[in-house]
Amino acid sequence: CVSCLVGSEMCIRDRMGIDNIWVFAQTANGEATTGTLELLTKARGLGGTVTAFVVGAVGDSAGSLGDHGAAKVYETGDLGGALPGVAGAAAMKAVIDGGDSPDLIMFPQSYEGRDVMARLSVKLDRGVLTNSVDISVDGDSVTAVTPVFGGTKDVSTSFTGSGPFLVAFRPKSFAAEGGAGGAAEVVSAPVPDLGATGGATVTAVHVEETSGPKLDEADIVVAGGRGLGESEKFDMIENLAKTLKGAPGASRAIVDAGWVPFAYQVGQTGKVVKPTVYIAAGISGATQHKVGMKGSKNIIAINKDSEAPIFGIADLGIVGDVHKVLPQLLDALAARS
């Protein structure tokens, strides 16, 4: 417009601000994941219009996506075997080229989220910020907060240049809160021709069978470490978690030792949890582990070493042998049932 050409103050003011925010949304069994709802809640708090982008089918999640802040949801529909990262980035780029260009796109720090973000970054020629735990907006400036040095320091980084700004966040960085409104409008976002990048296809998906609450969503987590002595003793952890209707977790040390699957790992390179109660049994409290659980509301530590670092963040510390404390705790709980 003429006002843009002459550098009108009014036109510049109208262009300032983060008004269009996208959230890369993931679903599981037709329902939005907790991580997705966390990001939507934060996005709506930043102001402007919030849109969710689902690679696949929305299923029954339109209601919860809308309730947590999304006014509109783009869905690609069935991918026909295409890799989610390849198809998702291509579909998002096609929508942006079509005129709906976001100022900010928020991604979960998940495998699929990082894959789509990396590919979209190349397509848009835009930089990314990853592993973030918070974000703020001031006019058209976007600043993300990222922990460094094992979570002991936070670094605030602001984007330069123009958007879309791409940011990925650790799980549990925000609280998921509904109440924003009704179901979101669902709009189709077809996947364009993928060319050579569409040559690889998904032939089978294997999902690990689990029972009870998910580790990163459980209200109670019972985690075991090297102090258990041997892999067979992890049964105590699983029994206590089951008794408390919680989820079992583990330190990196016993995951690396092959005692339990990686899916159990709590820590900087594992899962981040923020339960109401976190019980650390036989875990010394290395920085890597504390990064993944220090946000828990109530931390109970059991360790025979009174100088163990875990006691520095524990709300209740029990200096004792886990092989004696856990059986007595299980017996006490059984007597109450």
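The values are calculated or read from the model by the stated rules, or taken from the named source; none is laboratory data. Not measured: the values here are computed from a predicted model. Neighbour counts are summed over all protein chains in view; Cβ atoms, including those assigned to glycine, are modelled from backbone coordinates with ideal geometry. Calculation scope for accessible area: heavy atoms of the full protein, side chains included, ligands and nucleic acids excluded. Shrake-Rupley method; radii C 1.70, N 1.55, O 1.52, S 1.80 Å.
Assorted remarks:
- Of the set (1) closer than 17 Å to SER162 by Cα; (2) without any contact (Cβ under 8 Å) to a residue 12 or more places away in the chain, all apply to LYS93 but (2).
- Candidates GLY63, GLY45: the one that is modelled with pLDDT of 85 or more and within 18 Å of the chain's Cα centre (by Cα) is GLY45.
- Scope the stretch 56-83; condition assigned to a helix (DSSP H, G or I) and open to solvent by less than 40 Å² (accessible area, probe 1.4 Å); matching residues: ALA62, GLY63, SER64, LEU65, GLY66
- Of all residues in the stretch 149-169, those satisfying the criterion of being outside any strand (DSSP E or B) and either touching a Lys or Arg at 6+ places or on another chain (Cβ under 6 Å) or open to solvent by less than 30 Å² (accessible area, probe 1.4 Å) (or both) are GLY150, GLY151, GLY163, PRO164.
- Condition met for SER101 (over 30 Å from LEU215 (Cβ atoms) and at pLDDT below 90): no
- Evaluating ARG119 against the criteria (1) open to solvent by 30 Å² or more (accessible area, probe 1.4 Å); (2) free of Cβ contacts under 8 Å to residues at least 40 places away in the same chain; (3) out of contact with any helix residue (DSSP H, G or I) (no Cβ under 6 Å at 6 or more places or on another chain) leaves one unmet condition, (3).
- Test: residue in the stretch 249-263 that is within 15 Å of ILE220 (Cβ to Cβ), surrounded by fewer than 20 Cβ atoms within 10 Å (Cβ to Cβ) and hydrophobic (A, V, I, L, M, F, W, C): no
- For the stretch 306-320, residues that are assigned to a loop (DSSP other than H, G, I, E, B) and surrounded by 14 or more Cβ atoms within 10 Å (Cβ to Cβ) total 4.
- VAL273 meets the conditions (1) free of Cβ contacts under 8 Å to residues at least 60 places away in the same chain; (2) among the hydrophobic types (A, V, I, L, M, F, W, C); (3) open to solvent by less than 30 Å² (accessible area, probe 1.4 Å) in every case but one. The failed one is (1).
- Close pairs (8 angstrom Cβ cut-off, 6 or more residues apart or separate chains): part of a strand (DSSP E or B) in the stretch 16-27, open to solvent by 30 Å² or more (accessible area, probe 1.4 Å) and not polar (S, T, N, Q) anywhere: ASN20/GLY48; ASN20/ASP100; ASN20/ASP103; ILE21/LEU46; ILE21/GLY48; ILE21/ASP103; THR27/ALA57; THR27/GLY59
- Residues that are part of a helix (DSSP H, G or I) and of a type in the set (Lys, Arg), drawn from the stretch 281-305: LYS290
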